[in-house]
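Each value in this text was obtained by applying a stated rule to the coordinates, not by laboratory testing. Everything numeric in this text was worked out from a predicted model, so none of it was measured. For neighbour counting, all protein chains shown are included, and Cβ atoms are generated from backbone atoms with ideal geometry for every residue, glycine included.
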Amino acid sequence: MGLRERKRQATRLCIEDTATRLFLEHSFDQVTLDEICADAGVSRRTFFNYFSSKDHVATGSLPPPLDEPAFEYVAKLNPQPDAAGGAQRDAFFAELLNFTGSLRAKHSATEEICALNPELSKAVAQRRAKIMLHNPTLAAAKLGTYEQLRSRLRDAVASNLKAYPNHRVTPADPGAEPLSLDDQALCIVSAITSALWTSSILATQEGRPVTLNRIHATTAALAQVYRGCASSSTPPRKGHHTP
């Protein structure tokens, strides 16, 4: 990292440190943007070079929206299985996770910022968690962005399942009630976004950026839970009703 970029990252971290500290010392609503800038020793113009609003500096990076090119990419995604003979559906799931995970990682705190001052980066991340705990509106807004992403991603995946039947989720039990394409898309997207959200929580706790490696590790852990739940549950057969 060059000297100029190092200075940029240091300025960003200084603003984050100042803002999150003031929000906890006073309250999010009471602290003004001018107070943040004055305490951090930067102008409003400099602040807006890094953050779009007071909410932004309080909550940190948000998941990116699924724009039209990304929507089309997911809708037409049809990767080939690996040479080991894996299922085409599994190849689709893996590539979908890689794509959405890469988008999320790009909008996370960078490795450079964390490396610049690991302890301070961790403190900022932990403060943000407390700020959202004390300000449900901020937390709800951040969750809302995830819901928007999930809704948009669900539509793209549903289009994909319609075009590529081999990507569809089939019941393990032939007698089980089949899911509609929309319901299958929701299941797929819920699993993907669960991995992204859990990775974000873990990264916040550790004061580290969300990386694709972290997302894959989290997905593997969640997969063990899902497999255990699936193996220990017996869904009712079609036409059978439990009391």
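Since only Cys37, Thr18, Tyr50 are under comparison, the one whose Cα sits farthest along the positive direction of the charge dipole of the range 1-58, derived from C-beta charges on Lys, Arg, Asp and Glu, is Tyr50.
Helix 136-163 and the longest principal axis of the C-alpha atoms of the chain enclose an angle of approximately 40°.
Over the chain, what is the mean sequence separation of C-alpha contacts under 8 Å (at least six apart), divided by residue count, expressed as relative contact order in percent? Could you put the intermediate results ahead of the total?
On the way: 228 pairs, mean separation 58.3, N = 243.
24 percent.
Taking label points 7 Å from Cα along the Cα-to-Cβ direction, Asp39 and Trp197 give a separation of 3.1 nm. On C-alpha positions alone, give me the angle between the axis of helix 88-106 and the longest principal axis of the chain, in degrees, nearest 10. Tilt relative to the chain: about 10 degrees. For P(r) over Cα pairs in 10 Å bins from 0, in percent, computed directly from the structure shown, the correct entry in [x] 7, 26, 29, 20, 12, 5, 1; [y] 8, 22, 26, 21, 11, 5, 3, 2, 1, 0; [z] 6, 25, 33, 24, 9, 2, 0, 0 is [x]. Highest GNM mean-square fluctuation among Phe48, Phe23, Phe93, for the chain modelled with Cα contacts below 10 Å: Phe48.
Given a cut-off of 28 Å, name the pairs among Lys106/Lys130; Lys54/Lys76; Lys142/Lys162; Lys7/Lys122 whose C-alpha atoms lie farther apart than that in the structure shown. Where the Cα-Cα span goes over 28 Å, the pairs concerned are Lys54/Lys76; Lys142/Lys162.
Here the sum of -39500 (n - 2.57) over DSSP H runs of 4 or more residues, divided by the residues of the chain, equals -22500 deg cm²/dmol at 222 nm, to the nearest 500.
With +1 on each Lys and Arg Cβ and -1 on each Asp and Glu Cβ, and nothing else charged, work out how big the dipole of the range 1-58 is about its Cα centre, in Debye to the nearest 20. Walk me through the intermediate numbers first.
On the way: 9 positive and 9 negative charges, 98 e Å.
Once rounded to the nearest 20, the dipole reads 480 debye.
The loop-placed trypsin sites (Lys or Arg not before Pro) in the range 12-87, going by DSSP, that have at most 15 neighbouring Cβ atoms within 10 Å of their Cβ come out as Lys76.
For the Cα atoms of the chain, what angle does the longest principal axis make with the long axis of helix 181-206, in degrees from 0 to 90, nearest 10? That helix lies at roughly 30 degrees to the long axis.
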